[in-house]
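Following this message is one structure expressed as structure tokens.
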Amino acid sequence: MPPLEVSRKSNRKRTAGASLSGANLERVGDHNQRVILQAIRVNGPITRVTLAQITGLTPPAVANITKRLLDDGLIVEAGRVQGARGQPAMNLTINPNGCLSIGVNIDRDHITVVMLDLLGAVRARASKEIEFPLPADVAKFCKTQIHKMLAAWKGEPPRLSGIGVALPDDLGRVDLPHRPENYGVWSTADIGKLMADILPLPVFVENDAAAAALGELQFGHGLRRPSFFYVLVSSGLGGGLVIEGDYFRGAQGRSGEIGFLPVSSPETQARSLQEVVSLSALYAHLEAGGILVERPDQLIDLPPEGEARVEAWIDLSARLLVQPFVGISCLVNPEAIYVGGRLPTALLDRLVVAVNARLAEIVDVPALARVERAATSADGPAVGAALLPFTAQLLPSRAALMKTGQI
């Protein structure tokens, strides 16, 4: 087993750029192998001839790389192309059991663990609704559930590339409704040590909204539209900016912090956007009307008075999101703005419709990005967390290129 390796949030430089441009230089062999694997993952089943065409690598280079990937069990042969003259070419595709990873999402209202394969399929999942879980709660739940997943695996134990962890920045500092005094322990918690007793695997840590955006890039709409802004509606409100397949972090790694944008409206006493647009805020809004909701699933089939308060929340949220979304469109010009998170799908769709309706009223902005529901949605941060080991070890990224001296 590889030694424990922790990628700390203060040194986050990994991205999940989906570039399929190779380089015929020996010293970038690792990058070329990542490019080929990504091309097979995104386009498979695919022949070696087509791989050479879309990556720009020579046929011998493609042949050598695909042989290594076959030997490593990361890809498999998927039958020959029918109808071609001469010897039919062999199709290649990702081996779904070739490599898996663990993703953990820690938040103020839940813990979610997924086991993910390279195609983005969730092979196992466990989630627990728990209010303000402490580090000990997270460690116990993760250890129990991960070992259950491995015990239930049929056949040889899966090859695991690592454990990714996604959690909000300032988890122990941001004051949200009902936050306990001892929750500040998260400000000094060592995530790597927290996971060390579970499995001797590399550990990678990421902001939850950034992880969700990276997951959307590799396993969602980002495969076709790689420039977007991701909005994560969870217990708080976060965001992530992806430009041409690379996650943009900003000078201090805090880009996309849409939840902290100041709010000034006669309709609310909120001082920041996440004090309105978040599950915590929605629960508080319902509680003020005498309706107690503790989990996202309880937001469905509310009594009429509860539904009316949800509708009022959607309307206010849409109004407050319009100006930030206009700013994003004007400053970044993304292909789309994706909204995901733990808000139930039906409510996410209603929020998206409400925002788009208000954006349609704006006629003096030349290019407004359309708002859509994210493909990864509820488990976006956990899926994105599971992606982190893949990005570090197997998939093409700007960080991997920097190690070769090409950037």
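Straight-line reach only, C-alpha to C-alpha below 12 angstrom: list the aspartates and glutamates that K143 could link to, leaving out same-chain residues fewer than 8 apart.
D197
While we're on this one: How would H31, H221 rank on accessible area, largest to smallest, probe 1.4 Å?
Working: H31 10, H221 40 Å².
Most to least solvent-accessible, the answer reads H221, H31.
Which shape class applies to segment 305-407: rounded if a/c is under 1.5, otherwise prolate when a/b exceeds b/c and oblate if not, where a ≥ b ≥ c are the square roots of the Cα gyration tensor eigenvalues?
Working: a/c = 3.93, a/b = 1.60, b/c = 2.47.
Cα axes put segment 305-407 in the oblate bin.
Quick one: work out the % antiparallel among DSSP beta bridges in the chain, nearest 5.
Values: 31 of 53 bridges.
The antiparallel proportion sits near 60 percent.
Then there is this: So, with a 1.4 angstrom probe, what is the percent of accessible area on the chain that is carbon and sulfur?
Numbers: 9350 of 18060 Å².
Carbon with sulfur: 52 percent of the solvent-accessible area.
Once amide H atoms are built 1.01 Å from N in the peptide plane, which residues 5 or more positions from S235, or in another chain, come under 5 Å H to H?
R108, L279
Quick one: angle between helix 304-332 and the longest Cα principal axis of the chain, in degrees between 0 and 90, rounded to 10, please.
Between the helix axis and the principal axis of the chain, the angle is about 60 degrees.
Which value in deg cm²/dmol, rounded to the nearest 500, describes the helix-derived mean residue ellipticity at 222 nm for the chain, given -39,500 (n - 2.57) per DSSP H run of n ≥ 4 and division by the residue count?
Details: 11 runs with 147 residues, N = 407.
The per-residue figure over the chain is -11500 deg cm²/dmol.
Another one. Report the residues of segment 267-303 in range of a label on D175: point 7 Å along Cα→C-beta, backbone N strictly under 15 Å from it.
Only 270-272, 275 pass the distance filter.
Excluding ligands and nucleic acids, what accessible area in Å² is computed for E372 using a 1.4 Å probe, to the nearest 10?
Approximately 40 Å² of E372 is accessible to the 1.4 Å probe.
Counting alpha carbon pairs within less than 8 Å and at least 6 residues apart, what relative contact order, in whole percent, applies to segment 275-407?
Details: 117 pairs, mean separation 29.8, N = 133.
Reported as a whole number, the value is 22 percent.
Name the residues of segment 62-76 whose amide N is less than 17 Å from a point 7 angstrom out from the Cα of L119 along the C-beta direction?
Inside the label zone: 70, 73-76.
Additional query: Defining a contact as two alpha carbons under 8 Å apart and six or more residues distant in sequence, what relative contact order in percent does the chain show?
Working: 802 pairs, mean separation 85.7, N = 407.
Averaging sequence separation for qualifying contacts and normalising by length gives 21 percent for the chain.
Here is a follow-up. Find the accessible area per residue for segment 103-162; the probe is 1.4 Å, ligands and nucleic acids are left out, and the unit is Å². Could you put the intermediate results ahead of the total?
On the way: 2660 Å² over 60 residues.
I get 44 Å² per residue for segment 103-162.
With the cut-off at 1.5 for a/c, could you classify segment 141-249 from its C-alpha gyration tensor as rounded, prolate or oblate?
On the way: a/c = 2.17, a/b = 1.08, b/c = 2.01.
Because a/c hits 1.5 or more and a/b fails to exceed b/c, segment 141-249 counts as oblate.
Estimate the FRET efficiency between L134 and Q252 by the formula 1/(1 + (r/R0)^6), using the beta-carbon distance for r and 35 Å for R0, to the nearest 0.05. Could you put the intermediate results ahead of the total?
Details: r = 27 Å, r/R0 = 0.78.
My answer for the efficiency is 0.80.
What longest range of the chain stays clear of loop-exposed trypsin sites (Lys or Arg not before Pro) (DSSP non-H/G/I/E/B, at most 14 other C-beta within 10 angstrom)? Intermediate values should be presented prior to the final figure.
Values: sites that count: R8, K13, R85, K154, R159, R173, R224, R254, R271.
It runs 272-407.
Another question about this same structure. What angle do you read, to the nearest 10 degrees and between 0 and 90, between the alpha-carbon axis of helix 29-43 and the longest principal axis of the chain?
So the inclination is approximately 70 degrees.
Follow-up. Could you tell me which of the pairs K67/K148; K128/K193; K128/K154; K154/K193; K148/K193 are separated by over 32 angstrom between their Cα atoms in the structure shown? Don't jump to the answer; show the numbers that get you there.
Numbers: K67/K148 34 Å; K128/K193 21 Å; K128/K154 24 Å; K154/K193 29 Å; K148/K193 21 Å.
Pairs exceeding 32 Å: K67/K148.
The values are calculated or read from the model by the stated rules, or taken from the named source; none is laboratory data. These numbers come from a predicted model, not from an experiment. Ideal geometry is used to build each Cβ from the backbone, glycine not excepted, and the neighbour counts take in all protein chains shown. We work out accessible area using only protein heavy atoms, side chains counted, and drop any ligands, DNA or RNA first. Shrake-Rupley method; radii C 1.70, N 1.55, O 1.52, S 1.80 Å.
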